[in-house]
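Participant: If you scroll down you'll find the structure; I have some questions about it.
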Amino acid sequence: MCTRRLRLLASFFAVGFLVVSNVVLHDSAVHLTKSVFKPRWRIDDFRIIRDTLRLRKPVTTGSRKLEKEFILAAVKVRNLEDENLVAWGVGEIAPLEGLSSVNMEEALSQTKRLQSLFRSNPQAPPSWFNSSRSLMTSACRELSDWLGSLFDGSENGTSEKIASSVLSGVEQAFLIAVSRALDIELLQILCDAATDEVHRPLIASAYVELNGLISSNPEQGVEEAAKEALLLHSNGHRYGYRTLKIKLGRSMDPTLDSLMVEGIQQALGPNISLRGDANRAWSLDKAQIFASGLSKESLRLFEYLEEPCQTLENSISFSKQFNVPLALDETIDERGGIPSIGESDGKKKKIIKAAILKPTVLGGAVKCMRLALSERNTDSIISSAFETPFTQAYFALVAGSIMELNRRRVPHGLGTSSWYDRRSVEENSYLSKAAAMFQKNHESLLSLRVCERVIEDCVVAVTEKFDQKLETDSGPRFRD
């Protein structure tokens, strides 16, 4: 640890203030540049893997498939001032059917195009910055802007836009690569990337708390949700889930949802906190029917409801009528930010309790973290979109960085590892080490140390496969 800290101090603090200079595209590479110290990072190589993991049960967004396809994008970065600072990083590109704007084939097409551009000699004007910023903030902004400019239609006259899932995966790979090149914990790199400061070595919490996810459909029997809630809560087990997210609005009859929630309340009493998610399924009338069917005790279980109505205006009306706070999810995805909800007198009302931030949907972890920092009075919940356990480890570190910067501890929505078939993960030649992400005994606390180790082990496994392919020209999964 001392060695890691000394290298960090030598890399950042000995140079004083760092000023962003420019982005240079040269010799088939992207140079992310700063003046004075000029810690320029060049992406030397870009590889693509396409793979599939089996699921234990279908995801909750509508797809009935029992497998999840994903792309691993691997980038090799090199520091132009110190040739010894070189490392691979891996990111996941995993658009989710029913949620993402592109499908897997479209995401793969864009990723292949990026790979081709990194290996050719694209020409673009430099982008100049004159303010003092941290290395990672500037590098991620410039990388994201440059990637976005490649798909703005200026080159081929089309209106194609780079997919958020592609941006998120490439950014993930870049941050992991720089973290490994500098031998600095990824949690610290993420904190640097979220702010305009270079952070000293952190004294971070060892764990991130997660919420459990109830997947029972009321049409299959309202009592199943109570059984699932009891299992997740582990009958008061020390590390059982204290907060449960429940999917609502999947039945045409909202009274079935009411009965399902009543069953959970009767099974667990006031010892649990609920987060409801109807995915904008209800009209205002149906939302009112749902809430009217709940006892006061059941209504008080809700920490918030995620956008229960088809319009934000109706959701706000519902919130005021029943005194149930809201969480924003789809609205943030659509607007790219967290809108301010105020009363007629201009004073901000505590209608919005939380913001649900999905890096795959919003275009990367850095954007999510900066949104969280811009709304410190709102609980920022990092939520996965059924990415593999490897990326859930990465998102847990994103959640940990927000906790470190905001000093607010809230459960995050990263409990979907249980959807994957564990044997499928263990047998995967790239992600077998990610099996450590499977929680034992429904524990709600996720170790950040475990997450750092999972990411490192998986990146090593991927790059070892690259070495084998270079030697044997085997490995049909690789798309060079």
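The values are calculated or read from the model by the stated rules, or taken from the named source; none is laboratory data. No experiment lies behind these values; they were computed from the predicted model shown. Heads up, the Cβs are rebuilt from the backbone with ideal geometry, glycines too, and the neighbour counts pull from every protein chain shown. The area values use the complete protein model at the heavy-atom level, side chains included, leaving out ligands, DNA and RNA. Shrake-Rupley method; radii C 1.70, N 1.55, O 1.52, S 1.80 Å.
Participant: Could you tell me whether any residue of the range 320-334 is among the aromatic types (Phe, Trp, Tyr) and in contact with a Leu (Cβ under 6 Å, 6 or more places away or on another chain)?
Facilitator: no
Participant: Would you check which residues across the range 274-297 are among the small types (Gly, Ala, Ser) and either more than 16 Å from Asn323 (Cα to Cα) or buried (at least 20 other Cβ atoms within 10 Å of the Cβ) (or both) and list them?
Facilitator: Within the range 274-297, Gly276, Ala278, Ala281, Ser283, Ala287, Ala291 meet the criteria.
Participant: What tally of residues in the range 299-336 results from selecting those that are over 18 Å from Glu262 (Cβ atoms), assigned to a helix (DSSP H, G or I) and either free of Cβ contacts under 8 Å to residues at least 12 places away in the same chain or not acidic (Asp, Glu) (or both)?
Facilitator: So the count comes out to 14.
Participant: Among the residues in the range 372-379, are any of a type in the set (Ser, Thr, Tyr), at pLDDT below 95 and in a loop (DSSP other than H, G, I, E, B)?
Facilitator: Yes: one or more hits.
Participant: Now, a different point. Condition first: touching a strand residue (DSSP E or B) at 6+ places or on another chain (Cβ under 7 Å), of a type in the set (Asp, Glu), open to solvent by 30 Å² or more (accessible area, probe 1.4 Å) and within 23 Å of Ala385 (Cβ to Cβ). Can you find one or more residues in the range 216-230 that meet it?
Facilitator: Within the range 216-230 (the criterion being touching a strand residue (DSSP E or B) at 6+ places or on another chain (Cβ under 7 Å), of a type in the set (Asp, Glu), open to solvent by 30 Å² or more (accessible area, probe 1.4 Å) and within 23 Å of Ala385 (Cβ to Cβ)), the answer is yes, since at least one residue qualifies.
Participant: Same structure, new question: Output yes when any residue across the range 217-232 is at positive phi, modelled with pLDDT under 95 and out of contact with any helix residue (DSSP H, G or I) (no Cβ under 7 Å at 6 or more places or on another chain), and no when none is.
Facilitator: Checked the range 217-232: at least one residue is at positive phi, modelled with pLDDT under 95 and out of contact with any helix residue (DSSP H, G or I) (no Cβ under 7 Å at 6 or more places or on another chain).
Participant: If you don't mind, there's one more thing I want to ask. Restricting attention to the range 66-120, and to residues there that are hydroxyl-bearing (Ser, Thr, Tyr) and at pLDDT below 90, which single residue is surrounded by the fewest Cβ atoms within 10 Å (Cβ to Cβ)?
Facilitator: Per the stated criteria, the residue is Ser120.
Participant: Within the range 343-364, is even one residue in a helix (DSSP H, G or I) and open to solvent by 50 Å² or more (accessible area, probe 1.4 Å)?
Facilitator: Looking through the range 343-364, none of the residues is in a helix (DSSP H, G or I) and open to solvent by 50 Å² or more (accessible area, probe 1.4 Å).
Participant: Can you list residue pairs whose Cβ atoms sit under 6 Å apart, with the first residue in the range 274-298 being closer than 20 Å to Gly98 by Cα and in contact (Cβ under 8 Å) with a residue 40 or more places away in the chain and the second being of a type in the set (D, E, K, R) and part of a loop (DSSP other than H, G, I, E, B)? Count only pairs 6 or more apart in sequence or on different chains.
Facilitator: Close Cβ pairs (under 6 Å, with a partner that is of a type in the set (D, E, K, R) and part of a loop (DSSP other than H, G, I, E, B)) amount to Arg280/Glu307.
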